[in-house]
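Okay, so here's the structure we're looking at.
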Amino acid sequence: MSNELVPHWIAGKEFLGESKRTAPVFNPATGEVTKSVLLANRSDIEAATKAAAAAFPGWRDTSLAKRQQVIFNFRELLNSRKHELAEIITSEHGKVISDALGEITRGQEVVEFAVGIPELLKGYYSENASTGIDVYSLRQPLGVVGIISPFNFPAMVPMWFYPIAIAAGNTVVVKPSEKDPTASLWIAKLWQEAGLPDGVYNVLNGDKEAVDGLLESPIVQSISFVGSTPIAKYIYENASEHGKRVQALGGAKNHMLVLPDADLDLVADSAVNAGFGSAGERCMAISVVVAVEPIADQLISKITERMKGLRVGDGRRSCDMGPLVTREHRDKVAGYIDIAIKDGAKVVVDGRNVNPDGDQNGFWLGPTLIDEVPTSSKVYTEEIFGPVLSIVRVKSYEEGVSLINSGAFGNGTAIFTNDGGAARRFQYEIEVGMIGINVPIPVPVAYHSFGGWKQSMFGDTKAHGVEGVHFFTRAKAITSRWLDPSHGGINLGFPQN
Ligand code: NAD
């Protein structure tokens, strides 16, 4: 194992803590262990949460103007140095550099949204709600908030939360994925450079023990979680039981419904981009194309043609798609190709035969296309989270919609058509949280909110946008009267006028 140790970041400095447990961090393109990351125990969790609690009163008292300035500085630093961060992401996650830059840009949009926090925190004021009485509402920070993130977007997903949490006056403990933890440490140093006081942004590295510690900590007021559905459910139930506010975003199985009148070249481009970008390790990736006949054969031939041109290899080179995150995950995804064959589906392109531009020990699996996937197969019902695109053929729009609505997940979906009426009907009928109309990956911009339905999200407040501001603040309503000489005397009823 390499000597480079990824520490925690607590109270403005690297922190080694008490636990000596570690996990290996791989470079997925070479298969090498490049670092080991510390895994926190209860004493380390306490150090992180106490540091955040100690920083809270001072940060809460910091004026909106000053907080806004720090967020603005952070945005400028991030924008000018995002290449450094992209290289870190590629070295631990495997995605190609352009894609790593893309995720930083989408995260940065939330930082830009958070710069406008004074506008977002403005309350309401009703003058003379009752005679001589004014009523107004404020939003105040929660205190210490916990953010637990997945491996697939080590920069963007935590950024859905902490810019808003910090701008609103909270202090945070981020628990990154142990598979690619370094991005969060790099961000910690950037915050310090931007002028954020020590202890406002902390990083606690770890696994289940760190997560459970945050869920149970009496100091932590809320949990923002993103990851697989079984863990999201666990987080939602446990954090709620411990009296916390929770938003827990889970897994996905996103369908693209293609109507016969759609532009099939646009559809084929979109299916390839959305199915294989980031090696399919995106919660908004398209994993099933639902083709309304008679177009399936023609569409498959267009998709296959495009797949021939995809270059798989080391993300530092000029490739389209990198490796999967770990060998274990690569083997699990490849296992679905065997299941597809056993279940009677037709493998049109088999990614196991890929010839990558990279080290032979990398965690490679090429783009895979499977036709005639039975909807009873695990290939259809389970989240695969890899470069495997399934085709399901249906006879009508209605059959497609009812298939999508009968699925367990409800994160994203898209319809491709030139019929505005069909698209409008789809947006009305479909039971999914984020919809694309001729847009394959409909990730909402930062000033709207991100989150799915059904098994894709637990909790009712989504990430970023106005819902994000509400999640990280609590409302207070004040009823006030400044006495004048003509006050009304004793009255035991509610004021009526
Ligand atoms: P994961 O659920 O394995 O891990 C997510 C986080 O939970 C990590 O920080 C991990 O350390 C922690 N964790 C893992 N096992 C745990 C346990 N038993 N108890 C407590 N904590 C535990 O997810 P992942 O593999 O890192 O990420 C991929 C998953 O995330 C996919 O399912 C993907 O769809 C989902 N995801 C969803 C969204 C969304 O917005 N809905 C966005 C990105 C990723």
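Taking the condition of being within 14 Å of the ligand (Cβ to nearest atom) and either surrounded by 20 or more Cβ atoms within 10 Å (Cβ to Cβ) or of a type in the set (S, T, N, Q) (or both), how many residues in region 183-216 meet it?
11
Could you list, in sequence order, all residues of region 431-476 that are within 16 Å of the ligand (Cβ to nearest atom), hydroxyl-bearing (S, T, Y) and either under 16 Å from G107 (Cα atoms) or surrounded by fewer than 17 Cβ atoms within 10 Å (Cβ to Cβ) (or both)?
Listed by number, the list holds a single entry, S449.
This table checks each residue for (1) touching a Cys at 6+ places or on another chain (Cβ under 6 Å); (2) in the same structural domain as S91 (by TED's automatic domain parsing); (3) within 20 Å of E92 (Cβ to Cβ).
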{"residue": "P294", "(1), (2), (3)": "no, no, no"}
{"residue": "R311", "(1), (2), (3)": "yes, no, no"}
{"residue": "V325", "(1), (2), (3)": "no, no, yes"}
{"residue": "G335", "(1), (2), (3)": "no, no, no"}
{"residue": "D343", "(1), (2), (3)": "no, no, no"}
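May I ask you to verify whether S449 is among the hydroxyl-bearing types (S, T, Y), outside the structural domain of I231 (by TED's automatic domain parsing), over 18 Å from I286 (Cα atoms) and under 15 Å from the mean Cα position of the chain (by Cα)?
yes
Those residues that are crowded, with 19+ Cβ neighbours inside 10 Å and closer than 21 Å to D198 by Cα, I need them from region 1-37; list them, please.
V6, H8, W9, I10, G12, F15, G17
Scanning for something open to solvent by 10 Å² or more (accessible area, probe 1.4 Å), within 27 Å of Y234 (Cα to Cα) and at pLDDT 95 or above, does region 477-488 turn up at least one residue?
no
If I ask for residues that are under 30 Å from V312 (Cβ atoms) and assigned to a loop (DSSP other than H, G, I, E, B), which ones from region 1-60 would you list?
Passing the criteria: M1, S2, E4, P28, A29, T30, G31.
If a residue counts only when it is closer than 24 Å to A345 by Cβ, which strands (runs of 3 or more DSSP E) contained entirely in region 385-439 have at least 3 such residues?
The qualifying strands (runs of 3 or more DSSP E) are 388-394, 412-416.
Report yes if S287 is of a type in the set (G, A, S), in a helix (DSSP H, G or I) and within 16 Å of the ligand (Cβ to nearest atom), otherwise no.
no
Quick test of your reading of the structure: S278 fulfils all but one of (1) more than 16 Å from the ligand (Cβ to nearest atom); (2) in a helix (DSSP H, G or I); (3) in contact with a Phe, Trp or Tyr (Cβ under 9 Å, 6 or more places away or on another chain). Name the failing condition by number.
Of everything listed in (1) more than 16 Å from the ligand (Cβ to nearest atom); (2) in a helix (DSSP H, G or I); (3) in contact with a Phe, Trp or Tyr (Cβ under 9 Å, 6 or more places away or on another chain), S278 misses just condition (1).
Which of (1) touching a Phe, Trp or Tyr at 6+ places or on another chain (Cβ under 9 Å); (2) free of Cβ contacts under 8 Å to residues at least 60 places away in the same chain is the odd one out, the single condition T417 does not satisfy?
Checking T417 against (1) touching a Phe, Trp or Tyr at 6+ places or on another chain (Cβ under 9 Å); (2) free of Cβ contacts under 8 Å to residues at least 60 places away in the same chain, the one that fails is (2).
Just checking, does region 147-154 include any residue being away from the ligand (no atom under 16 Å from the Cβ) and either in a helix (DSSP H, G or I) or touching a Ser or Thr at 6+ places or on another chain (Cβ under 7 Å) (or both)?
no
Kindly provide the set of residues from region 263-283 that are of a type in the set (A, V, I, L, M) and surrounded by fewer than 21 Cβ atoms within 10 Å (Cβ to Cβ), ordered by number.
Across region 263-283, the qualifying residues are L264, L266.
Quick check on my filter: what residues within region 234-245 are within 16 Å of the ligand (Cβ to nearest atom) and surrounded by fewer than 24 Cβ atoms within 10 Å (Cβ to Cβ)?
Those that are within 16 Å of the ligand (Cβ to nearest atom) and surrounded by fewer than 24 Cβ atoms within 10 Å (Cβ to Cβ): Y234, Y236, E237, N238, S240, E241, H242, K244.
Any residue in region 356-365 that is aromatic (F, W, Y), outside the structural domain of K233 (by TED's automatic domain parsing), open to solvent by less than 10 Å² (accessible area, probe 1.4 Å) and within 16 Å of the ligand (Cβ to nearest atom)?
Yes - at least one qualifying residue is present in region 356-365.
List the residue pairs whose Cβ atoms are under 6 Å apart, where the first residue sits in region 219-247 and is touching a residue at least 12 places away in the same chain (Cβ under 8 Å), the second is open to solvent by 50 Å² or more (accessible area, probe 1.4 Å) and in a strand (DSSP E or B), and the two are 6 or more positions apart or on different chains.
Final answer for the pair search is S222/R245.
The values are calculated or read from the model by the stated rules, or taken from the named source; none is laboratory data. In this text the structure is predicted, and so the values were computed from the model without any measurement. Glycine gets a Cβ as well: all are built from the backbone with ideal geometry, and neighbour counts include every protein chain shown. Note: areas computed on protein heavy atoms with side chains; ligands, DNA, RNA excluded. Shrake-Rupley method; radii C 1.70, N 1.55, O 1.52, S 1.80 Å.
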